[in-house]
Amino acid sequence: MRLRRALFLAALAAPALGVRHPAPAASGYAALAGADDTLRVRLAGSRAATSRGRAALGAMVMGYLSPRGLPPLHGVMLVTDTGLVFRSTNGRYVAVLPVVGPVRQSARGRWRASAVTLAYVDEGLGRPSYLFRVDGGVFETDAPGPLAEVAGHPAWLDSLGSREWRREHVLVDEPAARGLVATIANGSYADSLYAIFGRPARPAGLVGERGRAAGRLGEYIATRDSLALDPARMAGVAQLRHTLAHELAHRWQARSGAQLALLWQGVAPIRDPKRYGYGHPREHQAEAAAFAVHFLLATAATPDASTQAATLDHYELMVPGTRTMARYFTLQPIFRHHPLRAMLTRGRAGPHERGRPAVR
């Protein structure tokens, strides 16, 4: 209770203090679909605005936010009349997401887009997990509370102030992109990835015109053993790091296909049709590998293995196969001292993989 109250006060203070981190954009390897792609619309004023439902304002919901397809962050979502304020538990990430779109005019009349929609309910963790689409991302919680009402676009939402959709700022401009790629490709984070996936034979470069035309933010070309990134169309360092991990995972695929096929036996497909990798096993595998690397690096100094085991369940819920990849990676020399190594390699079966053999 004390933690929830502290998170609530911090979320309230963040907008007033101007603490606002840009939310990561698309998931690293393909450009973000149009803003209306995940939005539901309805005619504004089709129902009289009421104040009864406004009790939802000021409520907070604990859960996991996957911003623009990136790995999930645990934190609290605060419902306000100007947006949804999310603050991660560790305080390092704060975002303000729209709660309802601006009023638009059409031949059918005035309408507003729903900025919060219920995507589906998943029972994989042994209890209902509600996954909501929020501003191009996904918020998962087992206690949706007021978000369930907001997702239904109640009449009182139409009485809230109108606000234009927020535009993301790119990480760097094009002239600086090549220098940033060289910096990250020669940094300590990349060294950790090379220890897992190997280092490409050629220096990292920029995505070419054909790749950009195809909407790619990163590419791995197996025939040349070369990697390319496009930070000039990314919105944050988290997206750049995730893209690098995803593309290097493709390098591992190209060299260890038989090994990966063995590891992948029994992994369920991605359920969310808007999650990158849905319906594409190779992209799914690379995404699970990138999620696993993120989890292992984020928990490298954790003192509480049981809590982090629960966190891994939420990674697995969004991208099945993440746990399988994490188990395998902890067997590599770079993670030999990881605090979760023993727990992961003992073969603890999560809710998604009961009955599967332990990875040895």
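If you take the Cα Rg of the stretch 192-234 and divide it by 2.2 N^0.38 Å, with N the number of residues, what do you get?
Cα Rg divided by the expected 2.2 N^0.38 Å: 1.19.
Would you mind counting up the charge near I184? Only other residues with Cβ under 14 Å from its Cβ, with Lys and Arg at +1 and Asp and Glu at -1.
0
Where the Cα atoms of the stretch 264-318 are projected onto their three principal axes, how long is each span, largest first, in whole Å?
Principal-axis extents of the stretch 264-318 (Cα, largest first): 37, 23, 16 Å.
Between A261 and R212, what is 0.36 nm times their sequence separation minus the Cα-Cα distance? Round to one decimal in nm.
Between A261 and R212, full extension yields an extra 14.6 nm.
Using 0.36 nm times the number of residues separating S159 and L118, minus their current alpha carbon distance, what extension gain do you get?
Here the answer is 12.6 nm.
Can you give me the % of accessible surface on the stretch 179-265 that is carbon or sulfur? Probe 1.4 Å, all protein chains present, nothing else counted.
Using a 1.4 Å probe with all protein chains present, the stretch 179-265 comes out at 51 percent carbon and sulfur.
If I stretch the segment between A254 and R92 completely, what's the gain in nm (0.36 nm per residue apart, minus their alpha carbon distance), one decimal?
Gain in length upon complete extension: 54.8 nm.
Could you state the accessible area per residue of the stretch 144-271 in Å², with a 1.4 Å probe and every protein chain left in place?
48 Å²
Identify, among P281, Q259, L227, the residue whose Cα sits farthest towards the positive end of the charge dipole of the stretch 166-285, taking +1 on the Cβ of Lys and Arg and -1 on the Cβ of Asp and Glu, with the dipole about the Cα centre.
With unit charges placed on the Cβ atoms, the residue in question is P281.
Just to check I understand the Karplus step: with θ = phi - 60° and J = 6.51 cos²θ - 1.76 cosθ + 1.60, what whole-Hz values come out for the stretch 124-138, glycine and proline as x?
Once rounded to whole Hz, the list reads x, 8, x, 8, x, 10, 9, 10, 9, 7, 9, 6, x, x, 10.
Just need log10 I(q)/I(0) for the stretch 179-307 at q = 0.13, 0.16 Å⁻¹, Debye formula, equal scatterers on the alpha-carbon atoms, no solvent, rounded to two decimals.
Log-scaled intensity ratios, in q order: -0.57, -0.86.
Stokes-Einstein diffusion coefficient for the stretch 125-235 at 10 °C in a medium of 1.306 mPa s, Rh from the Kirkwood formula over Cα pairs: what value in µm²/s?
After rounding, the answer is 89 µm²/s.
The values are calculated or read from the model by the stated rules, or taken from the named source; none is laboratory data. Because the structure is predicted, anything quoted here is derived from the model rather than measured. With ideal geometry, Cβ positions are generated from the backbone for all residues, glycine too; neighbour counts draw on all protein chains shown. Remember, those area values only see protein heavy atoms, side chains included, never the ligands or the DNA or RNA. Shrake-Rupley method; radii C 1.70, N 1.55, O 1.52, S 1.80 Å.
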